[in-house]
1. How about region 215-245: which of its residues are assigned to a loop (DSSP other than H, G, I, E, B) and in contact (Cβ under 8 Å) with a residue 12 or more places away in the chain?
2. Just the residues that are open to solvent by less than 20 Å² (accessible area, probe 1.4 Å) and either farther than 23 Å from F352 by Cβ or in a helix (DSSP H, G or I) (or both), please, taken from region 390-403.
3. In region 330-337, is there at least one residue being touching a Gly at 6+ places or on another chain (Cβ under 8 Å) and of a type in the set (D, E, K, R)?
4. State whether one or more residues within region 318-333 are over 27 Å from F149 (Cα atoms), open to solvent by less than 30 Å² (accessible area, probe 1.4 Å) and either of a type in the set (A, V, I, L, M, F, W, C) or in the same structural domain as Y373 (by the TED database) (or both).
5. Determine, yes or no, whether Q357 is open to solvent by less than 20 Å² (accessible area, probe 1.4 Å) and modelled with pLDDT of 95 or more.
6. Being hydrophobic (A, V, I, L, M, F, W, C) and over 27 Å from C187 (Cα atoms) is true for just one of L395, L414, L438. Which residue is that?
7. Condition first: loosely packed, with under 12 Cβ neighbours inside 10 Å and part of a helix (DSSP H, G or I). Now tell me which residues in region 418-453 satisfy that.
8. Limited to region 184-214, what total is found for residues that are open to solvent by 80 Å² or more (accessible area, probe 1.4 Å) and part of a loop (DSSP other than H, G, I, E, B)?
Amino acid sequence: STVSKTSLKSSLLQLECCFTWTLLKQDVDLSDLEERINYQIEFLIKSKVRSYNLLSYVCHLNNSNEEALRSLQKAEEEVKKNHPDEIARRSLLSWGNYAWIYYHMERYEEAQRYASKVENSRKKFSSTPQWKDQLPEIYAEEGWALLKFGKKYYERAKTCFENALRNEPDNPEFNAGYAITMYRLDCPPQKQSPSIKPLKRAVELDPENTSLLVFLALKLQDLEQIDEGERYIEEAIKKTPDLPDVLQYAAKFYRRKGRLDKAVKFLKEALTMTPNSARLHHQLGLCYRSELFQLKKATKYPPRGQVDKLIQLSIFHFKTAIEKKRTFFHSYMDLANMYAEGKRYEEAEEIFQKAYQINILDDFDKQQFYCCYGNFKHFHLKKESEAIEDYTEGLKLKKDSYYFDKCKKSLEKLLKQRIQRGSRDATDFGRLGFVHNLNGEKHKAIKCYEQALALHPGNEDYLSALCELRLSI
């Protein structure tokens, strides 16, 4: 009956599980996410229940509810095996997921049964409306799920782990989640790295967690504390020599250190264990690209054959990475740049277009896109005016970032060259005024806008920019 369906839906919305945490399908590459969860099930002993729970939700998003139920059965088996004394407490999420999946399958009695199971267990644990504070692991589970859905969700994940830690500040698992979230948020790295302290704390509480060791090592490397970082890398490799993730991050450490032979060796080892990993292929592409740059730096006329071979190798791996993960934006950028490097301009153009159509780009990604695309137009196609348009678009995404600075410097240089060559285009002066203003050079900006107005009298944009500047001085 519809009444019971409506009241069932409202009780389902009260549940804490993957279905009520607003994890949106359009924000993630589902096949890549499934790959990563299966990786965790295979390689990480600890979080199997969590992985099966999330996998059930991903199966549902992929329209295979039967498969979703099978994942939840596996989660239940794990709970019985590892936590026979705490079955109810450890099963709240699985039961919530069960209720929702049965609801979507229109098996309303079963959905109701699981919703009631959660409700009754919850009452046993806590009689207060703030029952989640008595069950901080629920916050943590939400945090881990959010982390898996990508960077749009990192701030929310951080709040979840903070809530969990309020009640159990020394819980190693919660500290690990918080530290990893801070590591992800601390990118691109900031001078006063906010993730170092939480990472050190998490390592102290759980020295066997080698993922934490490699993240800490990479952050120390960002801060140029390379020897200390390398000690952590060596320790992680000694403890878990066959964890692909640890090998991958160790490779990143050695690539950035310039030890490319070592980096490639680790990545190839990891690939034998997880041959479908998009990230490993991307990292290999980066290694061959670094080798190419080293070669070009070392000699004025590097052997053509060697250059071509390295370009082909990196193209092969960047291409494989985007075949395995269709939304892998950075790999698209690297592939497009590498095609340009090999003078394969049509292919580069095609990849730039595909990259821009990925639907989960944030402002930082778009800024990187405009910067790389602008460079491609400027240096390879020699289309100065189009490059100027792209750099300007990049600057409209007002963000304090690496690519913001890149766009700004490139734009300033191009505009000054054009004006020196005798440009009488008001737009050039207007844009240079805009750049000077971004640099805080107000008097220079005013001068440019005045010249722009002289060339294009009455232009509203230049007039209002001038008014604002004059008022602010």
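The values are calculated or read from the model by the stated rules, or taken from the named source; none is laboratory data. If you're wondering where the values come from, they're calculated on a predicted model, not measured in any experiment. As a convention, Cβ positions derive from the backbone with ideal geometry for all residues, glycine included, and neighbour counts pool all protein chains shown. The protein model used for the area step is the full one, side chains on, heavy atoms only, and it has no ligands, DNA or RNA in it. Shrake-Rupley method; radii C 1.70, N 1.55, O 1.52, S 1.80 Å.
1. The first filter runs over region 215-245 and keeps only residues assigned to a loop (DSSP other than H, G, I, E, B), leaving 223-225, 240-243.
Once the filter is applied, which keeps residues that are assigned to a loop (DSSP other than H, G, I, E, B) and in contact (Cβ under 8 Å) with a residue 12 or more places away in the chain, region 215-245 yields L223, T240, D242, L243.
2. Initial filter on region 390-403 (open to solvent by less than 20 Å² (accessible area, probe 1.4 Å)): 390-392, 394-395, 401.
Across region 390-403, the qualifying residues are D390, Y391, T392, G394, L395.
3. Yes: one or more hits.
4. We begin by selecting, within region 318-333, every residue over 27 Å from F149 (Cα atoms); these are none.
No, because not a single residue in region 318-333 is over 27 Å from F149 (Cα atoms), open to solvent by less than 30 Å² (accessible area, probe 1.4 Å) and either of a type in the set (A, V, I, L, M, F, W, C) or in the same structural domain as Y373 (by the TED database) (or both).
5. Values: open to solvent by less than 20 Å² (accessible area, probe 1.4 Å): no; modelled with pLDDT of 95 or more: yes.
No, not satisfied.
6. Values: L395 fails: over 27 Å from C187 (Cα atoms); L438 fails: over 27 Å from C187 (Cα atoms).
Of the residues listed, the single one that is hydrophobic (A, V, I, L, M, F, W, C) and over 27 Å from C187 (Cα atoms) is L414.
7. Within region 418-453, Q420, H443 meet the criteria.
8. 5
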